[in-house]
Amino acid sequence: MVSLPGISPSLQAIAQKVNKGQRISDEDCLVLFNEASLGFVGSLANQVKERLHGDKVFFNRNFHIEPTNVCVFSCNFCSYSQLYAKREDGWELSIDQMLHMVKKYDGQPVTEVHIVGGVHPKMDLAFFADLLKAIKTHRPDLHIKAFTAVEYDYMFRKAKVSVEEGLRFLIAAGLNSIPGGGAEIFHPEIREQICADKVDGDGWLAIHEKAHELGLPSNATMLYGHIEKFEHRIDHMRRLRELQDRTKGFNTFIPLKFRNMDNDMSHVPESSHVEDMRMYAIARIYLDNFPHLKAYWPMLGRQNAQLSLAFGVDDIDGTIDDTTKIYSMAGSEEQSPTMSTAELVTLIQQVKRIPVERDTLYHEIKQYRDNQPDPALN
Ligand code: V47
Ligand code: SF4
């Protein structure tokens with residue numbers, strides 16, 4: 001082994017593994033979190049990213065529907081939900097109102113609707129199946145990525161159906177994939193302090209495992225940068241990596257930076273930008289079986305999302321069109337998140353990467369290889 005001056009033997013051994021395309025262990029990952037500089041993890045993560053995707057960076061054209069912010073749960077980090085007891089202060093959309101939101105995109109080349117919200121007892125399995133059917137009937141080509149494992153756990157229990165029965169019912173109604181929310185931190189030591197009353201880590205993983213078995217792809221998130229320790233992040237990623245070894249059903253890992261405005265954890269400071277970039281890089285190195293790593297720009301801010309493209313990230317989500325409130329309410333600098341396709345393309349080209357418009361399942365729709373974005377784009 002060639003010895004690198006100023007780099008400890010344990011870091012050098014990790015670099016060797018990554019160079020050879022070998023998996024790193026949990027102990028290696030802890031060494032990276034504790035000892036590695038930003039430049040060190042950035043360069044390794046970039047190597048992994050480029051091996052997988054070359055210079056490509058993916059985005060899509062999407063919008064969100066948030067059916068309600070009324071929620072029976074009370075996660076301490078959540079700035080968005082209204083307790084069910086105070087539901088008159090929140091919003092609750094009817095199927096007609098949500099269909100109206102879909103119809104606003106008639107004739108526009110959006111490919112995905114992302115549906116996620118609070119957990120409202122009156123919005124049950126039958127209601128959501130009707131919603132999916134209404135959307136698919138109106139626009140069969142739109143990919144529906146909907147509901148977190150937290151929402152599924154509640155609606156299936158309430159309907160007294162198994163996870164398999166519930167998912168099959170929604171697939172028949174038009175469900176195409178599952179977003180990554182609700183994962184937070186799986187480890188009970190932390191989960192009990194930040195979101196004690198919703199589905200636990202094992203329950204979240206079991207729902208995604210069943211979804212994968214039924215052919216539904218999904219994403220996975222991790223809410224980091226609050227009271228968890230590096231060991232909890234590693235435990236979280238290990239459980240995801242093990243499940244992915246079994247099913248190969250995850251598309252994307254999305255680290256979500258904790259934002260501290262207007263919630264019960266506002267006293268907890270936010271992570272620094274350097275720590276955010278280290279998080280992305282280490283996730284890219286550790287999660288060797290996840291095809292994609294996403295920086296969700298409405299939460300991170302567009303400049304930091306752009307920076308993350310040098311730290312292993314190959315996806316920056318989509319146009320969003322100012323249709324999500326979760327992050328603006330939690331204090332993100334993106335108060336009205338919307339980016340045109342031209343802005344996304346420019347943001348990626350500015351860091352000398354190749355923008356690739358994708359659909360939800362990462363089929364390529366268009367590559368933008370010129371230096372200038374197409375002025376006809378919006
Ligand atoms: O699970 C809530 C997070 C998630 C805060 O799959 C917060 O493509 C930070 O999962 N600070 C929902 N995060 C959003 C989500 C998501 C977003 C974008 C893309 C995809 C995908 C999934 O939002 C929740 C929770 O972890 N969240 N409050 C907060 N204060
Ligand atoms: Fe409800 Fe989701 Fe907010 Fe938790 S994070 S309180 S489950 S809306």
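The values are calculated or read from the model by the stated rules, or taken from the named source; none is laboratory data. Keep in mind that what you see is a predicted model, and the values were worked out from it rather than measured. Calculation scope for accessible area: heavy atoms of the full protein, side chains included, ligands and nucleic acids excluded. Shrake-Rupley method; radii C 1.70, N 1.55, O 1.52, S 1.80 Å.
Computed quantities for the displayed model
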| quantity | calculated |
| --- | --- |
| Solution diffusion estimate, µm²/s, Stokes-Einstein, the chain, Kirkwood Rh from C-alpha pairs, 10 °C, viscosity 1.306 mPa s | 75 µm²/s |
| Average Cα contact separation per residue, the stretch 34-119, under 8 Å, 6 or more apart, as relative contact order % | 41 percent |
| Apportionment of accessible area to carbon and sulfur, the chain, percent (1.4 Å) | 52 percent |
| Whole-Å semi-axes of the stretch 108-262's equivalent ellipsoid (Cα gyration tensor) | 26, 17, 16 |
| Degrees between helix 341-350 axis and first principal axis of the chain (Cα, 0 to 90, nearest 10) | 10 degrees |
| All lysines inside 21 Å of residue 257 as judged from Cα atoms, apart from same-chain residues fewer than 8 positions distant | 49, 198, 229, 294, 325 |
| Cross-link partners of residue 160 among aspartates and glutamates (Cα-Cα below 16 Å; sequence separation of 8 or more within a chain) | 124, 151 |
| Volume of the Cα convex hull of the stretch 37-172, divided per residue and given in Å³ | 175 Å³ |
| Antiparallel DSSP beta bridges within the chain, percent to nearest 5 | 15 percent |
| Relative contact order of the chain, defined on C-alpha pairs under 8 angstrom at six or more residues apart (%) | 21 percent |
| Accessible surface, per residue, of the chain when the full set of protein chains is kept, probe 1.4 Å, Å² | 41 Å² |
| Cα point-scatterer Debye curve for the stretch 4-62, base-10 log of I(q)/I(0) at q = 0.15, 0.17 Å⁻¹ | -0.50, -0.61 |
